[in-house]
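The values are calculated or read from the model by the stated rules, or taken from the named source; none is laboratory data. What you see is a predicted model, and the numbers here were worked out from it, not measured in a lab. Neighbour counts are summed over all protein chains in view; Cβ atoms, including those assigned to glycine, are modelled from backbone coordinates with ideal geometry. Accessible surface is based on the protein model in full, side chains and every heavy atom, while ligands, DNA and RNA are left aside. Shrake-Rupley method; radii C 1.70, N 1.55, O 1.52, S 1.80 Å.
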Amino acid sequence: MQAPVLVDVDGTARRPWITWFTDCATNAITGVAVTPVHPSRESVLSALRSAVLREDPYGPFGGLPEKVRVDRGKDFLSRTVTAAFGLLDVTVEDLPAYTPHLKGTVEGLNRAVESMFLAALPGYARQPRPGKRASRPKDEVLLGVEDFTGRLLAWTSWWNTEHHPAPLRGKTPLEAWQDDPTPLRDVPAADLWTFTLEDAGTRTLTTRGVRFRKRDYVSAWMTGQAGIPVRVRFMPHHEHRIEVYHAATGRYLGPADLADRAAEEQASAVRRARAARTRRLRKDLQASQRERYAAVNRPGAPRRLGALTTAQAETELAQATGTGLADLALPDLILPAAPPGRLAHPALSRPPDRARPACSRPVRTCPRRLARTSRRPC
């Protein structure tokens with residue numbers, strides 16, 4: 001769910017997303033993950049790991065479930081997530097569209113967290129405000145992502161240990177969990193980490209490290225290991241590190257970090273340049289969509305409105321120079337030289353003095369199409 005609360009993400013007010021797993025029998029929140037922006041399969045895998053592990057700080061709720069219900073979300077049905085569920089021997093039930101009653105446990109949790117917790121936080125986006133236009137006060141101090149996540153995890157602990165949901169008849173989710181005699185299936189943390197990584201196929205370890213997505217990844221353990229086949233696994237969108245396994249035995253070799261990684265100052269400069277280019281393109285798109293034509297009351301050709309001065313036209317054309325592929329072509333392109341004389345040229349492969357004899361067979365007319373004729377080779 002997208003939390004209706006604005007939080008401070010690197011100086012920008014954004015609404016974070018919450019991904020969590022709940023136990024249908026006890027109403028317990030078994031796993032949770034928070035993303036400052038749009039969620040992805042990485043947030044689903046992170047919440048899945050916290051939902052399965054029962055060691056600190058995730059326990060005592062956890063273990064492999066028998067079935068997981070999802071609501072047709074493309075993140076839950078992605079190839080990586082479905083492969084992880086398949087390796088863990090968990091059945092995935094894709095619910096039909098517009099059937100929230102089939103997952104009433106998590107739908108009730110989404111409503112409860114807003115009314116019991118999110119509505120009291122600063123930056124709540126749905127609170128009534130005076131005036132015709134609902135706007136946030138300029139002096140309102142928003143929570144940071146770290147503070148918001150800490151408060152959400154504290155509320156999750158309160159929900160599991162102190163709250164008494166009505167379906168449990170006076171019990172807390174923790175008490176209902178402890179009274180349930182169903183045996184649990186645990187997975188070691190190392191194996192669970194491997195199962196919830198995306199597989200990128202096999203590579204060959206070279207003296208430059210592992211080549212992945214046109215970039216090199218290196219590590220100290222690669223010394224003297226050049227030439228062995230390896231298998232690459234990675235966490236989606238975590239491009240700074242990959243996990244390397246032996247391709248034949250499946251043995252874990254170790255992590256590998258991105259070589260020649262740009263400094264944080266340089267990466268920040270790139271992000272600022274991308275944001276400026278995005279704003280400029282968005283402004284140009286809005287300007288192109290504001291085309292206006294003169295109103296007419298008699299038949300006539302449409303007349304476009306919007307006059308430009310010569311200086312304005314020259315400035316805009318100068319800014320647009322170099323954006324086309326023809327303008328980006330190299331001006332000093334050198335044509336290939338003629339082939340040397342010792343090579344056979346296609347046009348000179350047959351001696352010019354030997355003329356091909358004409359075919360003596362008559363031209364045959366196709367019986368189905370009279371317009372076509374065919375000539376058999378001599």
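In this structure the range 214-316 gives 78 Å² per residue of accessible area when probed at 1.4 Å with all protein chains present.
Residues M116, M222, sorted by accessible area with the largest first, give M116, M222 [1.4 Å probe; ligands and nucleic acids excluded]. Remark: relative contact order (the chain) = 11 percent; criterion is Cα-Cα distance under 8 angstrom and separation of 6 or more residues. Would you mind telling me the share, in percent, of accessible area of the range 199-302 contributed by carbon and sulfur at probe 1.4 angstrom? Carbon plus sulfur share of accessible area: 50 percent.
Accessible surface of the range 1-96, 1.4 Å probe: 45 percent of it comes from carbon and sulfur atoms.
Spin-label model, H238 to Y252: label points 7 Å out along the Cα-to-beta-carbon direction sit 1.1 nm apart.
Summed over qualifying helices (DSSP H, 4 residues or more, each -39500 (n - 2.57)) and divided by its residue number, the chain shows a 222 nm mean residue ellipticity of -8500 deg cm²/dmol.
Think of each Lys and Arg Cβ as +1 and each Asp and Glu Cβ as -1; about the Cα centre, that makes the dipole of the chain roughly 3560 debye. Placing a pseudo-label 7 Å from each Cα along the Cα-to-Cβ vector at N297 and Q225 gives an inter-label distance of 8.3 nm. A straight line joining the Cα centroids of the range 282-313 and the range 1-43 runs 45 Å. Entry note, the range 1-152: relative contact order of 24 percent, from Cα contacts under 8 Å with a spacing of 6+ residues. So what's the angle, to the nearest 10 degrees on a 0 to 90 scale, between helix 264-288 and the longest Cα principal axis of the chain? That helix lies at roughly 70 degrees to the long axis. Beta bridges assigned by DSSP with both partners in the range 1-140 are antiparallel in approximately 75 percent of cases. From the square roots a ≥ b ≥ c of the eigenvalues of the alpha-carbon gyration tensor of the range 73-161, which class results: rounded (a/c under 1.5), prolate (a/b over b/c), or oblate? Prolate, since a/c reaches 1.5 and a/b exceeds b/c.
Which of [x] 5, 21, 28, 26, 16, 5, 0; [y] 5, 20, 25, 20, 13, 9, 7, 2, 0; [z] 4, 13, 17, 17, 15, 12, 10, 6, 4, 1, 0 is the computed P(r) over Cα pairs in 10 Å bins from 0, in percent for the structure on display? So the calculated entry is the one marked [z].
Counting only DSSP beta bridges whose two residues both lie in the chain, roughly 85 percent are antiparallel.
With respect to the chain, whose longest principal axis is taken over its alpha-carbon atoms, helix 145-161 is tilted by about 50°. Approximating the spin labels as points 7 Å out from Cα along Cα→Cβ, the Q312-to-A275 distance works out to 3.0 nm. Taking every protein chain into account, the accessible area of the range 65-182 amounts to 65 square angstrom per residue (probe 1.4 Å). Highest-first packing order for the peptide set 250-259, 286-295, 266-275 is 250-259, 266-275, 286-295, based on the mean count of other beta carbon atoms within 10 Å.
Packing order of peptides 173-179, 141-147, highest average first: 173-179, 141-147 (average count of other Cβ atoms within 10 Å over each peptide's residues).
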